[in-house]
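A.B. asks: First the structure, which I've put down as structure tokens, then a few questions once you've had a look.
The values are calculated or read from the model by the stated rules, or taken from the named source; none is laboratory data. The shown structure was predicted, so the numbers you read here are calculated from the model rather than taken from an experiment. Here the Cβ positions follow ideal geometry from the backbone for every residue, glycine too, while neighbour counts run over all protein chains shown.
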Amino acid sequence: MSKEERITAEEAIDRYADMVYRLALSQMKNTTDADDLFQEVFVRLVSHIQELESWEHVKAWLIRVTINCAKKHFGQYWNKNVDFMEEPERVADESGGYELPEEHPVRTAVQKLPPKYRLVIHLYYFEEKTVAEIARLTEQKETTVKSQMHRAREMLKGLIPEQYDG
Amino acid sequence: MSDNRTDRQTFDRSVREQYNRETAQVHAPAELIHRTKDAVRREEQRIAQEQAGQKMSEQQSGSSRAKAGRAYGRLHRWALGTAAAAVVLLVGASGLFFGRVGRSSEKSASDTAVQEIASDTAAVEETEAETVGEGGLGKQLGTAANTADDAVEEIAPASAKEEKRKYEPRPQTVAAESAAAAISGAADETTDGMMDTTAAGDRTEADLGAVKESAVDSSADAVPALTGVQFYDKDKNVVEAEALWYNAARIESILIQWEGGTPVDVKIFRTPAGSETAEQTELLMTKSIPDGDTSVLLDADMLHDAGMGSHLFFELDFGTQVVKSEEYNIFYDESVLPDAGD
């Protein structure tokens, strides 16, 4: 990377705001918590920005820290197989407005999964991470990730409307 | 078996595509991005200030080392007093010796001449005695060996410093001052007349004993300790913990009190709540403390950006010892403030 391409936190926000927000939203129980998590992650980045040598590092760091902060936020809830959605999710669209969850049937179904299943599904489907990469990011064994993927898919079959089921 | 796999793959692909389509429609709200950029700029400023503070702290730690050196030097100074006493005794002994020489050599020299010789020789002896002090006591004390006058000068500012720190007068301090005066007197006598120095030396030795004892006693009394941490709201009322948690939104200032000396600086640290977060501990503020102060009132602005729960603790660097406070649980919820509904 040339010196002109200096990595700054603000530039990181411009590049990865959507990625972090989507991941945060997939992990938190509502948009308020997702907003808090989003902000915390980028504020933390300021202290570590000099340690990150490339935008790929920044991206990996952001995913890792978002996951860790979400885990920390949920604390004891993290490992419980409970339905997190305490209130109907409202997600921001591109224009800054909000859409009803009915317009996102698969996302809504994914949101009903336990957080650890949501995480592997989001990373595997949307971020296109491999099982090995997910294992590294979540600090789990690959077999555990595979098992979580399998269970998540099984649960999704019962949650997703028929038209998306094959 | 093969059909099952195909079904699973089809389902997976279908769900994946739909999930990606739906998720791609989600974007971080512009207002959140704007707010986060503001927070990032504030954090950058805070870090810049912190780095500037750390530079100051490094300078202060230089001063801290100097303070520690002074504390260490005090021990030397008492020992230097002992060296001064040794000088006095040696000079006294040499005075007696040369007094006898003077009396036995009446045939070849007048009393005045003898006194001159004795005086000159005494000066040599005094120098030698100092050298002995350096070589003997100096081995224990390093290279610091001063004359009695220097020792007195060192003790005197130490006493003045004790007063400046507004400690309650302790008997040991008074004894140390009187002993210092006695040493001073003994030193004067040494230069005035050699014949009287034996008595002066004895007295100095006795006084030095008192000084040594008082030095040990007074160092035992002055144990640096943190005596209190209080959080205050904007109306200067004490903010109490609710179920062991303090709401940082209420806290406007923090009062920290201590005893047993003056810390070089006070540092405030914050560790995010949760497990295995120790490595995420961050330094929020470093405040240098003027000599003699026994408390400091700090602005609590740095607590007002706390996103989630965290633990706060304070460190007081007394130069030779760092005193750490207990941890205070804090969270930030401005909805409890009276004007939050506006």
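A.B. asks: Return the total of residues in region B:235-256 being among the charged types (D, E, K, R) and either surrounded by 14 or more Cβ atoms within 10 Å (Cβ to Cβ) or not assigned by TED's automatic domain parsing to the domain that holds B:S325 (or both).
C.D. replies: Of the residues in region B:235-256, 2 are among the charged types (D, E, K, R) and either surrounded by 14 or more Cβ atoms within 10 Å (Cβ to Cβ) or not assigned by TED's automatic domain parsing to the domain that holds B:S325 (or both).
A.B. asks: Only one of (1) free of Cβ contacts under 8 Å to residues at least 24 places away in the same chain; (2) part of a loop (DSSP other than H, G, I, E, B) is not met by B:T262, so which one is it?
C.D. replies: For B:T262, the failing item is (1).
A.B. asks: Among the candidates B:D333, B:D265, which residue alone is within 21 Å of B:K55 (Cα to Cα) and of a type outside the set (A, V, I, L, M, F, W, C)? I'd like the intermediate steps shown before the answer.
C.D. replies: Details: B:D333 fails: within 21 Å of B:K55 (Cα to Cα).
Matching residue, one of B:D333, B:D265: B:D265.
A.B. asks: So which residues in region B:1-60 are among the polar types (S, T, N, Q) and facing another protein chain (nearest Cβ under 8 Å)?
C.D. replies: Those that are among the polar types (S, T, N, Q) and facing another protein chain (nearest Cβ under 8 Å): B:T10, B:S14, B:Q18, B:N20, B:T23, B:Q25, B:T36.
A.B. asks: Would region B:283-300 turn up any residue that is modelled with pLDDT of 85 or more, out of contact with any Pro (no Cβ under 8 Å at 6 or more places or on another chain), within 14 Å of chain A (Cβ to nearest Cβ) and not in a loop (DSSP other than H, G, I, E, B)?
C.D. replies: no
The rows are residues; the columns are (1) part of a helix (DSSP H, G or I); (2) crowded, with 21+ Cβ neighbours inside 10 Å; (3) in contact with a strand residue (DSSP E or B) (Cβ under 6 Å, 6 or more places away or on another chain).
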{"residue": "A:E10", "(1), (2), (3)": "yes, no, no"}
{"residue": "A:D14", "(1), (2), (3)": "yes, no, no"}
{"residue": "A:M19", "(1), (2), (3)": "yes, no, no"}
{"residue": "A:R22", "(1), (2), (3)": "yes, yes, no"}
{"residue": "A:K29", "(1), (2), (3)": "no, no, no"}
{"residue": "A:D33", "(1), (2), (3)": "yes, no, no"}
{"residue": "A:F38", "(1), (2), (3)": "yes, yes, no"}
{"residue": "A:L45", "(1), (2), (3)": "yes, yes, no"}
{"residue": "A:K59", "(1), (2), (3)": "yes, no, no"}
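A.B. asks: Name the residue, out of A:L123, A:L156, A:L113, A:L119, that is of a type in the set (A, V, I, L, M, F, W, C), over 17 Å from the mean Cα position of the chain (by Cα) and either at pLDDT below 85 or crowded, with 16+ Cβ neighbours inside 10 Å (or both).
C.D. replies: Selected residue: A:L156, the only one of A:L123, A:L156, A:L113, A:L119 that is of a type in the set (A, V, I, L, M, F, W, C), over 17 Å from the mean Cα position of the chain (by Cα) and either at pLDDT below 85 or crowded, with 16+ Cβ neighbours inside 10 Å (or both).
A.B. asks: Let me ask something else. Being over 16 Å from B:E327 (Cβ atoms) and either touching a helix residue (DSSP H, G or I) at 6+ places or on another chain (Cβ under 6 Å) or within 14 Å of chain A (Cβ to nearest Cβ) (or both) is the filter here, so list the residues in region B:301-316 that pass it.
C.D. replies: B:M302, B:H304, B:D305, B:G307 - these are the residues of region B:301-316 that are over 16 Å from B:E327 (Cβ atoms) and either touching a helix residue (DSSP H, G or I) at 6+ places or on another chain (Cβ under 6 Å) or within 14 Å of chain A (Cβ to nearest Cβ) (or both).
A.B. asks: Let me ask something else about it. Please work out which residue is surrounded by the fewest Cβ atoms within 10 Å (Cβ to Cβ), limiting yourself to region B:266-282 and to residues that are among the charged types (D, E, K, R) and either in contact with a strand residue (DSSP E or B) (Cβ under 7 Å, 6 or more places away or on another chain) or away from chain A (no Cβ under 11 Å) (or both).
C.D. replies: Of region B:266-282, the ones among the charged types (D, E, K, R) are B:267, B:270, B:276, B:279, B:282.
So of that shortlist, the ones also either in contact with a strand residue (DSSP E or B) (Cβ under 7 Å, 6 or more places away or on another chain) or away from chain A (no Cβ under 11 Å) (or both) come out as B:267, B:270, B:279, B:282.
Values: B:K267: 20, B:R270: 22, B:E279: 6, B:E282: 15.
This residue is B:E279.
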